[in-house]
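Here the structure comes first, spelled out in structure tokens, and everything after it is commentary.
The values are calculated or read from the model by the stated rules, or taken from the named source; none is laboratory data. Everything numeric in this text was worked out from a predicted model, so none of it was measured. Here the Cβ is made from the backbone with ideal geometry for all residues, glycine too, and neighbour counts use every protein chain on show. What goes into the accessible areas is simple: the full protein's heavy atoms, side chains included, and nothing from ligands, DNA or RNA. Shrake-Rupley method; radii C 1.70, N 1.55, O 1.52, S 1.80 Å.
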Amino acid sequence: MSLSQTTIAQKRKRFSASNITPSKVSRTTDPNNDTDSSEIIVVVRNWGSAFNVFEGLTRDDPLWQLQVIHGGRNAFGYQVLAVAREALLKHPNNNIRDLQQLESVLHVRLLNGAPPHTGALDPDGTGIEAWQVVLYAGCVTNALDFIHLVLKHKVAKGQLLQLPNMTVAGPDGSVESVPEPWTLNTNPPHCPKAFAVLPPRGRRHVLCQVEFSGSSPKTTSSQDSKEEPEPITEGEDKNDASSLYTFSFFGGIYSYRELFDAANVEGGYNVGPEGNRDYVRTLEVLNNQEGKDRLMSLHEQVLLNVPVYLVDATENPDDEFVAWFASLPNVELGERAKS
């Protein structure tokens, strides 16, 4: 029927498109990064040993941190726990139907970064941000396959139009290959900070504060002396082999307590300004090869190469002993403290 053969109701125009104010698109990640909804980047870092995170794994089994970067509403991190539970109901392994089985069978732990109901979001000030999704896994492939499963489920449910481009970034060079359809980029332009997300257990990363304690009165390189160090004098060279340093480890060190005991690293409590007590393990070493060997052994045999957030309290930004310790794998200079 033509327009001339029917009567068309004459009504006022409903609205003008020029008067529409566009709303901001909701984002689930850092607005400063340039990742859009057509891409997802997973930043993979070695996170020491998996033995104290997943039951059945040993000190020799590696642990991996996987931070997920994405943009756009309904990307991977949006309502991730609820969507993951749905996706796991169709996991190809019949023994995996929920998040608990994902951990016990495949050794993959998913954290959505939710703020705590009580207490501080970032109790040690390492830079933890709310709602930053992170996975910890004993096997990178298992974790990447799980992320792929969740993304496919979102597409099937109409929450995503299509699968995004999926890239793995390995800034520390420890990732050599990835499963399809992932691609590997060993030199990513942007990577989030390692300590900006929750650790695999609790809310506290492992921290270490280093202080310059003075010069040892002994000429020997022995670390066993209990004599008081000489006081620091103006103009003293803090980088010679007689310089004594105190390394204090705190934060998420509870699961390493037996290894600290085995290494004869003393423990004690630091009482904060509000009366709260924080458990600390302390080690005094000289700035010489024996001292470096002791720290290397502690980092590798006690902390099992877990990433350490280093606080430099020497008040010397050019301290070469601190620079040496910060150069160790998985040690990151996070801040410099003033007295």
Inter-label distance for Leu89 and Asp293, nm, one decimal - labels placed 7 Å from Cα along Cα-to-Cβ: 6.0 nm
Relative contact order (%) - the stretch 286-338, alpha-carbon pairs under 8 angstrom, separation at least six: 40 percent
Share, in percent, of DSSP beta bridges within the stretch 259-339 that are antiparallel, nearest 5: 55 percent
Peptide ranges 95-103, 296-304, 110-118 listed from the most packed, as the mean C-beta count within 10 angstrom indicates: 296-304, 95-103, 110-118
Computed label-point distance, nm, for sites Thr118 and Gln101 using a 7 Å Cα→Cβ extension: 3.5 nm
The stretch 41-149 - accessible surface per residue (Å², probe 1.4 Å): 43 Å²
Per-selection Kirkwood Rh - the stretch 91-189 (Cα, Å, 1 d.p.): 15.7 Å
Euclidean distance between Cα centres, the stretch 279-337 to the stretch 145-195, Å: 33 Å
Simple spin-label estimate for Trp324 and Thr141 in nanometres, 7 Å along Cα-Cβ: 4.1 nm
Within the accessible area of the stretch 54-120 (1.4 Å probe), percent carbon and sulfur: 48 percent
Theoretical gain in end-to-end length, Thr183 to Val155 [0.36 nm per residue, Cα-Cα removed]: 8.1 nm
